[in-house]
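Here is the structure we will look at, set down as structure tokens.
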Amino acid sequence: MTFSRAIKIAPSILAADFANFGAECRAVEDQGADWVHVDVMDGHFVPNITFGPATCAAIRPHIRGVMDVHLMIAPVDPYIDGFAKAGADFITAHMEAGPHIHRTLQAIRASGAKAGLALNPGTGLDGVENLLDMIDLVCVMTVNPGFGGQKFIDMTDKVQRLRAMFGARPIHIEIDGGITPDTAPVMARAGADVLVAGSAVFKGGSVDNPAPYGDNIRAIRAAAENAIGVAV
Ligand code: DX5
Ligand code: ZN
């Protein structure tokens, strides 16, 4: 996987048909998704439960490209190998999930996956500078994690500061929560390159009628690319 700051759209299957994950993953990729974002919730770190490594392993063969696993769980460390064996390309853990994020990121890299660090809206950047050599991605939450379909919380300042801090380092800046064609531009301008979107991608479509997924993905991408001056 070569590093690139080009805009990538990552549909979150939290907004997909849970009885049809394989077909949903194939449908969004066929409709232009760059990555597939997989939200794992434990009912403890966040007030909602989704699924675990077995489901990730089951959907892996249905994803041709990048499987981006967002762990909203605590503790994290006992489950890292399970998600790596399930085929996750990126495993992202929350700064707030425990006292030993450094150890967690070491364990993610040791598992063979790329390491992501997620920051809740209320979390600052204090610890991030100490982790720059250990991360491949920072996920800036623009909602409080736990549910899809929430209202976007503007984190422009945080994204700009991260972008300046990273310089030429190959670290992705991912935005997660409330992304639509209206909110994508400000995040792209601030320096984000991976845009996660659940509701805004899956709305209006289904595996039997996937064309709206493509329209939705193109609308988010065009809004973001226009904002940063990419010819579309
Ligand atoms: C929130 C999840 C997000 C969420 C995004 O806890 O991490 O990935 O599903 O969904 P939308 O795009 O609907 O806000
Ligand atoms: Zn997520």
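What is the dipole size for the chain, taken about its Cα centre, with +1 at each Lys and Arg Cβ and -1 at each Asp and Glu Cβ, in debye to the nearest 20?
It works out to roughly 340 debye.
Of all DSSP beta bridges in the chain, what percent run antiparallel (nearest 5)?
5
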Response to the item:
Expected sort for 139-151, 42-54 on mean C-beta neighbours within 10 Å, highest first, is 139-151, 42-54
Worksheet item: Residue-wise, which Karplus ³J(HN,Hα) couplings in Hz belong to the range 78-85, taking 6.51 cos²θ - 1.76 cosθ + 1.60, θ = phi - 60°, and x for glycine or proline?
Response: x, 10, 4, 4, x, 6, 5, 5
Discussion item. If the only charges are +1 at each Lys and Arg Cβ and -1 at each Asp and Glu Cβ, what is the size of the charge dipole of the range 114-209 around the Cα centre, to the nearest 20 debye?
Written reply: 120
Worksheet item: Any idea what the relative contact order of the range 8-227 is, in percent, if you count C-alpha pairs under 8 Å spaced at least 6 apart?
Response: 20
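Applying a 10 Å radius around every beta-carbon, put 102-115, 63-76 in order of their mean neighbour count, most first.
Numbers: 102-115: 18.4, 63-76: 21.6.
In decreasing order of mean packing, 102-115, 63-76 become 63-76, 102-115.
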Worksheet item: Which of T156, T92, T180 moves most in a GNM of the chain, Cα contacts under 10 Å?
Response: T156
Practice prompt. Take the Cα pairs of the range 119-232, get the Kirkwood Rh, then feed it into Stokes-Einstein at 20 °C and 1.002 mPa s and tell me D in µm²/s.
Written response: 145
Fill in: Alpha-carbon centroid distance for the pair the range 69-95 / the range 116-171, whole angstrom
17
Worksheet item: So what is the relative contact order for the range 136-178, in percent, with contacts set as C-alpha pairs under 8 Å and at least six apart?
Response: 64
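All of the numbers you see were taken from the coordinates with simple rules; none came from a lab. The structure displayed is predicted, hence computed values, not measured ones. Please note: Cβ atoms are built from the backbone with ideal geometry, for glycine as well, and neighbour counts cover all protein chains shown.
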